1. Out of the residues in region 91-122 that are more than 14 Å from the chain's Cα centre (by Cα) and surrounded by 18 or more Cβ atoms within 10 Å (Cβ to Cβ), which is modelled with the lowest pLDDT?
2. Looking only at region 55-69, decide whether some residue is surrounded by fewer than 19 Cβ atoms within 10 Å (Cβ to Cβ), without any contact (Cβ under 8 Å) to a residue 12 or more places away in the chain, polar (S, T, N, Q) and farther than 24 Å from residue 205 by Cβ.
3. Within the bounds of region 98-106, is there any residue that is of a type in the set (A, V, I, L, M) and touching a helix residue (DSSP H, G or I) at 6+ places or on another chain (Cβ under 6 Å)?
4. Here's a check for you: in region 152-177, which residue that is in contact with a Leu (Cβ under 9 Å, 6 or more places away or on another chain) and either among the hydrophobic types (A, V, I, L, M, F, W, C) or outside the structural domain of residue 133 (by TED's automatic domain parsing) (or both) is farthest from residue 112 (Cα to Cα)?
5. Which residue is modelled with the lowest pLDDT, if the candidates are limited to region 8-47 and must be among the β-branched types (Val, Ile, Thr) and more than 23 Å from residue 109 (Cα to Cα)?
6. Against the condition out of contact with any Lys or Arg (no Cβ under 9 Å at 6 or more places or on another chain) and either at pLDDT 95 or above or at positive phi (or both), how does residue 198 come out, does it pass?
7. Output the residue which, of all residues in region 113-129 that are among the acidic types (Asp, Glu) and without any contact (Cβ under 8 Å) to a residue 12 or more places away in the chain, is farthest from residue 35 (Cα to Cα).
8. Give the residues of region 29-39 that are buried (at least 17 other Cβ atoms within 10 Å of the Cβ) and either under 17 Å from the mean Cα position of the chain (by Cα) or small (Gly, Ala, Ser) (or both), sorted by residue number.
Amino acid sequence: MTTTRRASKPRPETVARRREILRAALEIFGAKGYNNGPLAEIAEQVDMTHAGILHHFGTKDRLLVEVLRYRDETDVEGIEGQHIPDGTELFRHLVRTAFANEERPGIVQAYAVLSAESVTDGNPGREYFEERYTQLRAEVGQAFRVMCAERGVDAPDSVDRASASVLAVMDGLQVQWLLDRGNVELARASEFAIEAIVSAVLDPRPSPLAP
């Protein structure tokens, strides 16, 4: 006879401690980047030792991945099921996210820095961002197709390009906003761009740039 041991849930104080470390790491990685953000500084901020950080996360690489997942959680905290919606509601969610991001520049900065760093050779966050963008493009594309179906029109060939463009606009505007918050309206500009791209997919018109 064999028995299996159930994995024990971490104690509440352990969960709270891990989240405290993740918040500190998000702030420091966002300000200094992954390579220049030392574990010792994160440990000092949460009144722990370097070894204490590693006890919770194993390696700095693993800490980075958990930081990225923690950042993702902040985007869906108020959504039922903690997953972005479909169809029109997905685009409304993206707009709401842009407005929320104006109130959390630290998280926006961390995302901008870590996503840019992920394209460098050997960066431990590369796989995470590759998977994230693949999933997001698929979800935005599916939302476009749902909206087209609701309106009784065939989804155009431009859906995949439009999906990548929505994400590119949002991330690019975040960088502009971080560099010049006095002159760039992150939320309103994101809303304008998303509405324009959605309109171009659902109701395509001749290009005003055509010769």
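The values are calculated or read from the model by the stated rules, or taken from the named source; none is laboratory data. It should be emphasised that the depicted structure is a prediction, and the values quoted were computed from it without experimental measurement. FYI the Cβ positions are ideal-geometry reconstructions off the backbone, even for glycines, and counts take in every protein chain you see.
1. 117
2. Yes, region 55-69 has at least one match.
3. yes
4. For region 152-177, the residue satisfying everything is 153.
5. If we take residues in region 8-47 being among the β-branched types (Val, Ile, Thr) and more than 23 Å from residue 109 (Cα to Cα), then 14 is modelled with the lowest pLDDT.
6. yes
7. Within region 113-129, the match that is farthest from residue 35 (Cα to Cα) is 127.
8. If the condition is that a residue be buried (at least 17 other Cβ atoms within 10 Å of the Cβ) and either under 17 Å from the mean Cα position of the chain (by Cα) or small (Gly, Ala, Ser) (or both), then 29, 30, 34, 37 are the ones that fit.
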